[in-house]
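Accompanying notes for the structure given below.
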Number of protein chains: 2
Amino acid sequence: MISGKFAITIHILTLLHKFPNDYMSSEYIAGSINLNPVLVRKEIANLKAHHIVESKEGKNGGTKLAVNAAELTLKQIFEMTFETIGLGFAKNQPNPDCPVGKNINQHLENLYSEMNQKVSAQLEGISLEDFSNQF
Amino acid sequence: MISGKFAITIHILTLLHKFPNDYMSSEYIAGSINLNPVLVRKEIANLKAHHIVESKEGKNGGTKLAVNAAELTLKQIFEMTFETIGLGFAKNQPNPDCPVGKNINQHLENLYSEMNQKVSAQLEGISLEDFSNQF
DNA sequence: TAAATTTGTAACATATTTTATTACAGTATG
DNA sequence: CATACTGTAATAAAATATGTTACAAATTTA
């Protein structure tokens, strides 16, 4: 999962923030996202690895937020979902004997790195709580 | 082609800028990118549609820049390659009966739209000439 | 303690998107 | 007229993303 990872993760977290008292089941969350529960559990596994949520197995089990939503920024979520802003690279290694081919990827990386800084600055200013309170 | 479109297009344009006197063949360009020549011709077709390059068929034919590299911005290239900055959406339509599901995509779009503005502003300040002169 | 429910995870299947290849008609050059 | 290009369609292959099934392990509650 790459393309929907950030969107799915933020959807999960928004739901958890809206229902702070319960352990929510992956089945229920999956119903809101309209996604297979196994995929929800996979994203939750990622969130757990970053100690953003905790979950409980067994009957009446599920997942809930383990951090303060006001202190979790979209930038952190962005980074947890392994996303990087950019406009892509050509798939194959360019020709190293061509002065352009030899250096293009480095120059693209520099360009994208600047983009990331701008986007990160934007996302750092938005907390999960901010995002969730829009709903 | 999506992921490499911007990178490939800017690679093509940089080459054309470096060799302003010739009509470059798609075969030659493909050799620098290490890409199939047919795919190069497809990207060139897109550039032609935007009147950024012109090309000549037949023997000794090829493609060359049709605009002033100092006046072509990376933002224009970005837009020509149909790219939009964002962090993706879940593939399926979320549940419209859930207050979160119902509105998540709109909120994500708002967020991404802000990103686009920032990135566009950055790219608008860089011309093809600027980019090419780094090499 | 047994039944029910839920997570965690692996293995596999399907769908979608990207990239590559083949083929060939049309066009200009020398 | 032979050669070397573009333009484009059709198809194939590869890569990536998403979906499904299955089941062990954990926990609750009756």
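Exactly which chymotrypsin sites (Phe, Trp or Tyr not before Pro) in region A:55-98 are in a DSSP loop and have at most 14 other Cβ atoms within 10 Å?
Values: sites: A:Phe78, A:Phe82, A:Phe89; in loops: A:Phe82, A:Phe89.
Counting only loop positions with at most 14 other Cβ atoms within 10 Å, the chymotrypsin sites (Phe, Trp or Tyr not before Pro) in region A:55-98 are A:Phe82.
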Name the chain A residue with the Cβ nearest the axis that maps A onto B: which is it, and what is the distance in angstrom?
A:Lys118, 2
Cα→Cβ-extended label distance, 7 Å offset, between B:Lys18 and A:Asn105, nm:
1.6
In whole angstrom, note down how far apart the Cα centers of region A:97-126 and region B:71-115 are.
20
Simple spin-label model, 7 Å along Cα-to-Cβ: A:Tyr28 to B:Ala121 in nm?
4.1
7 Å along Cα→Cβ, label-point gaps from A:Glu71 to other copies, nm, shortest first:
5.5
Give the carbon-plus-sulfur fraction of the accessible surface of chain B in %, rounded to a whole number; probe 1.4 Å, heavy atoms of protein chains only.
47
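List the trypsin sites (Lys or Arg not before Pro) within region B:1-99 that fall in a DSSP loop (any state other than H, G, I, E or B) and whose Cβ has at most 11 other Cβ atoms within 10 Å.
Numbers: sites: B:Lys5, B:Lys18, B:Arg41, B:Lys42, B:Lys48, B:Lys56, B:Lys59, B:Lys64, B:Lys75, B:Lys91; in loops: B:Lys59, B:Lys91.
Within region B:1-99, the qualifying trypsin sites (Lys or Arg not before Pro) (loop, at most 11 other Cβ atoms within 10 Å) are B:Lys59.
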Quick one: how many lysine pairs does chain B have with C-alpha atoms less than 26 Å apart and a gap of 8 or more or different chains? Give me the count, please.
27
At 1.4 Å probe size, with no ligands or nucleic acids counted, give the accessible surface of A:Tyr28 in Å², nearest ten.
120
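Below 11 angstrom from the Cβ of B:Asp22, what's the summed charge of the other residues (Lys, Arg +1; Asp, Glu -1)? Show your work: numbers first, answer last.
Details: positive: B:Lys18, B:Lys56, B:Lys64; negative: none.
With Lys, Arg at +1 and Asp, Glu at -1, the neighbours total +3.
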Shortest first, in nm, what separates the label point of A:Ala45 from those of the same position in the other copies (7 Å along Cα→Cβ)?
4.2
At 1.4 Å probe size, with no ligands or nucleic acids counted, give the accessible surface of B:Glu124 in Å², nearest ten.
100
Could you work out the relative contact order of chain B? I mean the mean sequence separation of Cα pairs under 8 Å and 6+ apart, divided by the number of residues, in percent.
28
Run the simple label-point estimate for B:Asn92 and B:Glu79 please: 7 Å along Cα→C-beta, distance reported in nm.
3.7
What is the magnitude of the charge dipole of chain A about its Cα centre, with +1 placed on the Cβ of each Lys and Arg, -1 on the Cβ of each Asp and Glu, and no other charges, expressed in debye to the nearest 20?
340
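The values are calculated or read from the model by the stated rules, or taken from the named source; none is laboratory data. Fair warning: this is a prediction, and the values are worked out from it, not measured in the lab. Note that we place each Cβ from the backbone using ideal geometry, even for glycine, and neighbour counts take in every protein chain shown. For the accessible areas, the whole protein counts, side chains as well, though only heavy atoms, and no ligand, DNA or RNA atoms are used. Shrake-Rupley method; radii C 1.70, N 1.55, O 1.52, S 1.80 Å.
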